Amino acid sequence: MTDTSTPAETPSRQDAYKMFDRIAHRYDLLNRMLSMGTDRGWRKRMAAYMPDKPDVRLLDLATGTADVMLFLEGRCPALSSAVGLDMSGGMLGYGREKIRRRGLSHKLRLMRGDGTRIGAADDSFDAVTISFGIRNFLDVPAGLREMHRVLRSGGRVLILEFSIPANPLIRIPYLMYFRHVLPVVGGIVSGDGSAYRYLNRTVETFPYGEAFARLMRDAGFDRVQAIPLSFGIATLYVGDKA
């Protein structure tokens, strides 16, 4: 049994944030639905690799509706403060309301900004996280270099991203789901089918595994790991700054 369908074409990432503005009202719901709840387990794995030190300052890029920041705040007692950065004002609006309802506005702060040009000084954070957002960057190497720049010595970057399973018994149904089921369901629930067609194309055309780990090493990260999750449907990338 082989995958004979046409591979996806690389989509433009220009102004992708405008698409996220359009689907912000259904983004959290669709994440739960389309991942069938596995996204929570992936975040638990990310939390397990957070720096083991007191007074951790976190930067969460492509923070969206602040799901990752809120999850890490609840799982990592050493987290003292966090800043979330995203280009989508619509997503940030929902994130700010979630933070306000949790009574965490004094600790978690959201800002509109570009992950390839982070408005923070060198050596500002102990951890940088990004979940399912790095593939939307216009310049991925520049984004990785910025993450390295704003990390303190001994800091850690944690990147969650979709990947393509190596096992054909998993890969073939996964690609069928991504290409044919996800765009339809996502379009019906969000009212924007183009957004979920964009999702599957960006996943299929983005480097993963060793190819992405190599980009991290090129940006200056040490002890880079690529940890497959859920049979390779997603990958957690871990890198340290010396």
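Between Val150, Asn31, Pro183, the Cα set farthest toward the positive side of the dipole of the chain (charges on each charged residue's Cβ, about the Cα centre) is that of Asn31. Within the chain, DSSP assigns beta bridges of which about 40% are antiparallel (rounded to the nearest 5). Each peptide in 18-24, 222-228, 44-50 gets a packing score, the mean of other Cβ atoms within 10 Å over its residues, and the list from highest to lowest is 18-24, 44-50, 222-228.
Residues with beta-carbon under 15 Å from that of Val238, excluding Val238: net charge, scoring Lys, Arg +1 and Asp, Glu -1? Each step should come with its number before you reach the end.
Working: positive: Arg43, Lys44, Arg45, Arg156, Arg214, Arg217, Arg223, Lys241; negative: Asp52, Asp126, Glu161, Glu210, Asp222, Asp240.
Result for the neighbourhood of Val238: +2.
Its Cα gyration tensor gives the chain an equivalent ellipsoid, and the semi-axes of that ellipsoid, as √(5λ) in whole Å with the largest first, are 27, 21, 16.
Within straight-line reach of Lys53, meaning a Cα separation under 25 Å, sit the following lysines at least 8 residues removed in sequence or on another chain: Lys44, Lys107, Lys241.
In square nanometres and to one decimal, what's the mean projected area of the convex hull around the Cα atoms of the stretch 43-103? It would help to have the intermediate numbers written out before the result.
Values: hull surface 15.6 nm².
Orientation-averaged projected area of the Cα hull: 3.9 nm².
All Cα-Cα separations within the stretch 158-242 were binned at 5 Å from zero, giving a P(r) of 3, 15, 21, 19, 16, 12, 8, 4, 1, 0, each value a whole percent of the pairs.
Read-outs: derived from the displayed coordinates by stated rules, not from any lab. Just so it is clear, the model here is predicted, and its values are computed rather than measured. Here Cβ is always computed from backbone atoms with ideal geometry, including for glycine, and neighbour counts include all displayed protein chains.
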